Amino acid sequence: MSPSADANEREEGLTFQPKFDASGLVTCVATDAATGDVLMVAHMNEEALRKTIASGDAWYFSRSRNALWRKGETSGQTQRVVEMRMDCDQDAIWIRVEQQGAACHTGRHSCFYRKVEAIDGDTRLSFVDAERQFDPEKVYPR
């Protein structure tokens, strides 16, 4: 990973130059390689990005725990990276993954299991594709 470069090189060149935010993170969107479903949005620091590229397994950085983690290390719900793409200004990553089990820590296939709806001037959420594939209380004991 190269330090910094001008905008033209970052946007049009072929040099991998991730642009981490002030916290040292880059946003990562994970989609199911087979279905195209958006599974989750997470963050990677430089170490998570390096480990993902080197291993082919999805690694992330948890802002709430302030810790590096490999997807599935606790739950067994793993992500094998099929393809990784960088956005135009290299501050967001898209990974297409082979998801084993559920992607969401709530036990659901995707973290995006609620639809936003405007009903009678009120904005509400409704469940869609919200079936749980595992019980999070059993997988993540407190």
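The values are calculated or read from the model by the stated rules, or taken from the named source; none is laboratory data. Predicted model only: the values in this text are computed from it and were never measured. Note that each Cβ is placed from the backbone with ideal geometry, even for glycine, and that neighbours are counted across all protein chains shown.
Output the residues belonging to the stretch 41-63 that are part of a strand (DSSP E or B) and among the hydroxyl-bearing types (Ser, Thr, Tyr).
Within the stretch 41-63, the first condition is being part of a strand (DSSP E or B), and the residues that meet it are 41-44, 57, 59-62.
Once the filter is applied, which keeps residues that are part of a strand (DSSP E or B) and among the hydroxyl-bearing types (Ser, Thr, Tyr), the stretch 41-63 yields 60, 62.
Would you pick out the residues in the stretch 37-93 that are within 14 Å of the chain's Cα centre (by Cα), under 19 Å from residue 17 (Cα atoms) and touching a residue at least 40 places away in the same chain (Cβ under 8 Å)?
Hits for the stretch 37-93 are 44, 49, 52, 83, 86, 91, 92, 93.
Would the stretch 67-81 turn up any residue that is over 23 Å from residue 112 (Cβ atoms), modelled with pLDDT of 95 or more and of a type outside the set (Phe, Trp, Tyr)? Walk me through it before giving the result.
Our first condition is that a residue be over 23 Å from residue 112 (Cβ atoms); within the stretch 67-81, this holds for 67-68.
Then drop every residue that is not modelled with pLDDT of 95 or more, which leaves 67-68.
Filter once more, keeping what is of a type outside the set (Phe, Trp, Tyr): 67-68.
So far as the stretch 67-81 goes, yes, one or more of its residues are over 23 Å from residue 112 (Cβ atoms), modelled with pLDDT of 95 or more and of a type outside the set (Phe, Trp, Tyr).
Is there any pair linking a residue in the stretch 116-133 that is farther than 19 Å from residue 101 by Cα to one that is basic (Lys, Arg), with Cβ under 7 Å and at least six apart or on different chains, and which?
117/124; 125/114; 125/115; 126/114; 126/115; 127/114
Six or more apart or on different chains, Cβ under 6 Å: which pairs go from a residue in the stretch 13-35 that's touching a residue at least 40 places away in the same chain (Cβ under 8 Å) and closer than 15 Å to residue 89 by Cβ to one that's polar (S, T, N, Q) and part of a loop (DSSP other than H, G, I, E, B)? Could you list them?
17/2; 17/90; 18/90; 19/90
If you go through the stretch 73-93 one residue at a time, do you hit one that is in contact with a strand residue (DSSP E or B) (Cβ under 6 Å, 6 or more places away or on another chain) and under 20 Å from residue 137 (Cα atoms)?
Checking the stretch 73-93: not a single residue is in contact with a strand residue (DSSP E or B) (Cβ under 6 Å, 6 or more places away or on another chain) and under 20 Å from residue 137 (Cα atoms).
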